[in-house]
Amino acid sequence: MIKLFLRYNILQFIWTILLSIHACMADLRNSYSQLHYGQKLERRMITSYDGYSILDCVEDCLRTTRCRSINYYQGAHFCQTNFEKRTTVPGLYIEKPGWIYSDIEDWDKEIAGACSRSSCRINEKCIPQPFDQFTCVISDCGEPRGERFSMEHVREWDAIGITRGIHITCTAQYNQLGSELFVCRSNGTWRTNLSCHDKYY
């Protein structure tokens, strides 16, 4: 039993090394040359991470089906993954000293290893497994949608990822009752008591 356990751990270690080598073999020069220094996409975050390198941030985005871009703060090794990009919401693309912005399409998908071939759904994230396998887990609750909802008042640190929250209001033609905070539950659904009622009724 011990030999089997050791053999599995050794194989897992070798696989991790091979994945790292595979990522290093991807041509990253073109991707790094397209980074946008001093820029950030605001208020369209999936989630955030501490202690990430910019390549870790890119890989996480590539493994998250909904991810379209990243923000990275180099001094704090802080990563944000976004569900929009600068061309889809240009009004939220701003100058912000210290930040780096990148569109995920500027990177080689092979950085994500087995996850570059994943079939995860739009609200899922691919988790690499040994021997070129992967699993899919729920990553977010998606953008709260509906003609009554508005994302006009989303705050800077709001996010749609699991356990995160986002502030949604009613559009101008509706009366608002309840809290503006939507909280993303672990099953990928929103918890909220916001209701938007027609002003004419």
Mean-square fluctuation check for the chain, GNM, Cα pairs under 10 Å: which of ARG185, ARG44, ARG63 is largest? ARG185
Excluding GLY146 itself, calculate the net charge of residues whose Cβ lies under 15 Å from the Cβ of GLY146, where each Lys or Arg counts +1 and each Asp or Glu counts -1. -3
Using Cα pairs under 8 angstrom and six or more residues apart, how large is the relative contact order of the chain, in percent? 18
Working out 0.36 nm times the residue gap between GLN74 and SER53, then minus their Cα-Cα distance, what length gain in nm do you get to one decimal? 6.8 nm
The chain: longest stretch without exposed GluC sites (Glu not before Pro) (DSSP loop, at most 12 other Cβ within 10 Å), sites themselves excluded? 1-146
How high is the relative contact order of the range 149-198, in percent, with contacts defined as C-alpha pairs under 8 Å that are six or more residues apart? 33
Can you tell me the orientation of helix 54-63 relative to the chain, as the angle in degrees between its alpha-carbon axis and the longest Cα principal axis, to the nearest 10? 80
Rounded to one decimal in nm, the spacing of the 7 Å Cα→Cβ label points at GLN129 and GLU152 is 4.7
For GLU110 and ASN175, extending 7 Å from Cα along the Cα-Cβ vector and measuring point to point gives, in nm, a value of 6.1
Please find the FRET efficiency linking LEU28 to THR88, where r is the Cβ-Cβ separation and R0 is fixed at 22 Å, and quote it to the nearest 0.05. 0.35
One quarter of the C-alpha convex hull surface, i.e. the mean projected area of the chain in nm², amounts to 13.8
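A short reminder: the numbers here are calculations on the coordinates, not readings from a lab. Bear in mind that the values here come from a model prediction, so they are computed numbers and not experimental data. Positions of Cβ are backbone-derived with ideal geometry, glycine not excepted, and every protein chain shown enters the neighbour counts.
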